[in-house]
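In what follows, a structure is listed as structure tokens, so that the remarks can point back to it.
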Amino acid sequence: MAHPALRPDSVATITGGASGIGRAAAGRFAAMGMRIAIVDTRTELLLKTADELTALGAPNVITSDADVSDRAALAELEAEIAERFGGTDIVMNNAGIPGASMFGDPEAWHRTLNVNLWGIINGSQVFAPRMIERGRPGAIINTGSKQGITTPPGDPAYNVSKAGVKAFTEALEHELRNTEGCAISAHLLIPGFVFTDLTRGARTEKPDGAWTPEQTVDFMIDSLNNGDFYI
């Protein structure tokens, strides 16, 4: 059975939507006929992706260069989407950046947590109230990471941020499930090794063991349709 939010009249908002998993998700949702809002601080790449989504048939694509760590900027975007499209049905809190070493620059630690963790908290808390109020089926998909569960050595700031995303999203799903009249579900996307701008480093070709963003999104869609929380 298809997830009830995966329908042509849905509106999907995707942070980190100009490349990687976010871009692949935007393309998949656009191909379903959804209206799309993509958020990314890389303006040139953002506009290029918007043109590609329009070519796929997505009507009236909204773009925003809002920083997800800026709650007020996300609130302005949420209001704009509500005014133009009536509201959001799917929020994919996907923006993320690399981390920092254990005794690295404290500002890098703050920035990692502000984007990777607070960006997801902000996106969920800003968009969820109107989503619940509208009474339409919807979904909040938060991008975690395998590193937030296995916490391997080498990137502690990233691991901490993604471990926080896991805990937050579990609590979010509990809250939504126990809210009367709420038709919104929460889901934790837990990618493994996906070949994106975040992970490619100096590589120019995808390693054999890595997934493409498109493969990851295909799996995500299948899991949503199966009703999975952990993806």
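The values are calculated or read from the model by the stated rules, or taken from the named source; none is laboratory data. In this text, all values refer to a predicted model and were calculated from it rather than measured experimentally. Backbone-built Cβ (ideal geometry, glycine too); neighbour counts: all protein chains shown. Ligands, DNA and RNA are stripped out before the accessible areas are found, and what is left, the full protein with its side chains, is counted by its heavy atoms. Shrake-Rupley method; radii C 1.70, N 1.55, O 1.52, S 1.80 Å.
May I ask for log10 I(q)/I(0) of region 53-157 at q = 0.13, 0.15, 0.23 Å⁻¹, from a Debye sum over the Cα atoms as equal point scatterers with solvent left out?
Values returned for q = 0.13, 0.15, 0.23 Å⁻¹ are -0.57, -0.72, -1.24.
Would you mind computing the Rg to Rh ratio of region 39-115 from its alpha-carbon coordinates, Kirkwood style for Rh?
1.06
How tilted is helix 118-134 with respect to the longest principal axis of the chain? Cα atoms for both, answer in degrees (0 to 90, nearest 10).
10 degrees
Quick one: Debye curve from the C-alpha atoms of region 126-219, no solvent, what's log10 I(q)/I(0) at q = 0.12, 0.14, 0.23, 0.26 Å⁻¹?
Computed log10 I(q)/I(0) values: -0.50, -0.64, -1.14, -1.27.
Starting from the Kirkwood radius over alpha-carbon pairs of the chain, derive D by Stokes-Einstein at 25 °C in a medium of 0.890 mPa s and give it in µm² s⁻¹.
140 µm²/s
From largest accessible area down, sort 109, 118; use a 1.4 Å probe on the protein chains. Mind showing how you got there, number by number?
On the way: 109 50, 118 115 Å².
Largest to smallest exposure gives the sequence 118, 109.
At a Cα cut-off below 14 Å, give the aspartates and glutamates reachable from residue 48, other chains included and same-chain residues fewer than 8 away excluded.
Leaving aside aspartates and glutamates fewer than 8 places away in the same chain, those within reach of residue 48 are 40, 65.
Report the equivalent ellipsoid semi-axes for region 136-187 in whole Å, largest first, defined as the square roots of five times the eigenvalues of the gyration tensor built from alpha carbon atoms.
They are 28, 9, 6 Å, listed from largest to smallest.
What figure in square angstrom, to the nearest 10, would you give for the accessible area of residue 197 with a 1.4 Å probe?
It works out to around 80 Å².
Applying 1/(1 + (r/R0)^6) with R0 = 22 Å to the Cβ-Cβ distance of residue 212 and residue 55, what FRET efficiency is obtained, to the nearest 0.05?
0.65
Rank 54, 169, 150 by mean-square fluctuation in a GNM of the chain with C-alpha springs under 10 angstrom and give only the top-ranked residue.
Among 54, 169, 150, the largest mean-square fluctuation in the Gaussian network model of the chain belongs to 150.
Can you tell me how much longer the chain between residue 193 and residue 82 gets when fully stretched, taken as 0.36 nm per residue apart minus their C-alpha distance, in nm with one decimal?
Computed gain between residue 193 and residue 82 is 36.5 nm.
Return the carbon/sulfur percentage of the accessible area of region 90-224, one whole number, probe 1.4 Å, all protein chains in place. Write down the numbers at each step before the final one.
Values: 3600 of 6490 Å².
The nonpolar share, carbon plus sulfur, comes to 55 percent.
Pick from 170, 205, 214: which is most flexible by mean-square fluctuation in a GNM of the chain where alpha carbon atoms under 10 Å apart are linked?
205
Can you tell which of 189, 176, 46 shows the greatest fluctuation in a Gaussian network model of the chain with Cα springs below 10 Å?
Of 189, 176, 46, the Gaussian network model singles out 176 as fluctuating most.
Note the full-extension length gain between residue 151 and residue 226 as 0.36 nm times their separation in residues minus their Cα-Cα distance, in nm to one decimal. Could you put the intermediate results ahead of the total?
Details: separation 75, 0.36 × 75 = 27.00 nm, distance 2.74 nm.
Result: 24.3 nm gained on full extension.
What fraction of the Cα pairs in region 1-56, stated in percent, has a spacing above 14 angstrom?
Everything past 14 Å amounts to 47 percent.
To test your reading of the geometry: what angle, between 0 and 90 degrees and rounded to tens, separates the Cα axis of helix 20-31 from the longest principal axis of the chain?
The angle comes out near 20 degrees.
Roughly how tilted is helix 106-116, in degrees to the nearest 10 and between 0 and 90, from the longest Cα axis of the chain?
Helix 106-116 sits roughly 30 degrees off the main axis of the chain.
What accessible area per residue, rounded to a whole number of Å², is obtained for the chain using a probe radius of 1.4 Å?
Roughly 46 Å² per residue, with all protein chains present.
Provide the gained length on full extension for the span residue 31 to residue 44, in nm with one decimal, where the gain is 0.36 nm per separating residue minus the Cα-Cα distance. Could the numbers behind the result be given before it?
On the way: separation 13, 0.36 × 13 = 4.68 nm, distance 2.24 nm.
Working it through step by step, the gained length comes to 2.4 nm.
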